[in-house]
């Protein structure tokens, strides 16, 4: 595991718009010995472990060693704090199954552990020396940053006026179905926000035997596969 240190280039006294607080790598990465890395970062940081049998040069055995590595990473990232504010940089460090509350078989594509930064912090995906894994967005910076909070408005006939409540985005679809007097698909997530309606609303689900939505996998022809292989080879990604 590569050692992380808080950059000493930043202090509480700096107030320029271009300043940021970052965590940087202490030494170059040895990929063959590394046990984990962030391969994708946007709103969250997605950590992938170097698992034997799944990753090239994998060095972590599934089972006890894998579980211990997840536990260790959760503890480490849970202790990371901003040197300026003192607040924790990550509000959640969870496996995909824990974060998305599902046990689907293809969860590994989201990584083995997901880092959810506190609002105002940005995770980065880069091994360049000029780019650090996480930074605090400077006040007044033109760069964008996602926040978990949003705004929603339900208005019209049958909707209570003046009601303020927190909601989860997953509840919007079933609520809209119910408002339109439609039957909810039996595969839908979330719950109907019944308290926003001025009168009791009837909630119906489609029958279990009705065919549910499934995405269709589009197969490539042999000619298309050869063309993709050729273009990847020309780019140097394949021999």
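Here are the numbers for the structure shown:
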{"item": "Output for the range 56-86, where each listed residue is in contact with a strand residue (DSSP E or B) (Cβ under 9 Å, 6 or more places away or on another chain) and assigned to a loop (DSSP other than H, G, I, E, B)", "result": "58, 59, 61, 62, 79, 80, 82, 83, 84, 85"}
{"item": "Flag for residue 130 being in the same structural domain as residue 115 (by TED's automatic domain parsing) and at pLDDT below 85", "result": "yes"}
{"item": "Residues within the range 140-180 that are at pLDDT 85 or above and in contact with a strand residue (DSSP E or B) (Cβ under 8 Å, 6 or more places away or on another chain), tallied", "result": "7"}
{"item": "Selection count, the range 176-194, where residues are over 30 Å from the mean Cα position of the chain (by Cα) and outside any loop (DSSP other than H, G, I, E, B)", "result": "1"}
{"item": "Top-ranked residue of the range 160-174 - restricted to ones that are touching a residue at least 12 places away in the same chain (Cβ under 8 Å) and assigned to a loop (DSSP other than H, G, I, E, B), ranked as nearest to residue 185 (Cα to Cα)", "result": "168"}
{"item": "Long-range neighbours under 9 Å by Cβ, at least six apart or interchain, first residue assigned by TED's automatic domain parsing to the domain that holds residue 116 and within 12 Å of residue 73 (Cβ to Cβ) within the range 23-46, second outside any loop (DSSP other than H, G, I, E, B) and at pLDDT below 70", "result": "45/134"}
{"item": "Where residue 103 falls short, out of the listed (1) assigned by TED's automatic domain parsing to the domain that holds residue 46; (2) under 28 Å from residue 171 (Cα atoms); (3) at pLDDT 80 or above; (4) in contact with a helix residue (DSSP H, G or I) (Cβ under 8 Å, 6 or more places away or on another chain)", "result": "(3)"}
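The values are calculated or read from the model by the stated rules, or taken from the named source; none is laboratory data. Keep in mind that this is a model prediction, so the values were computed, not measured. Note that each Cβ is placed from the backbone with ideal geometry, even for glycine, and that neighbours are counted across all protein chains shown.
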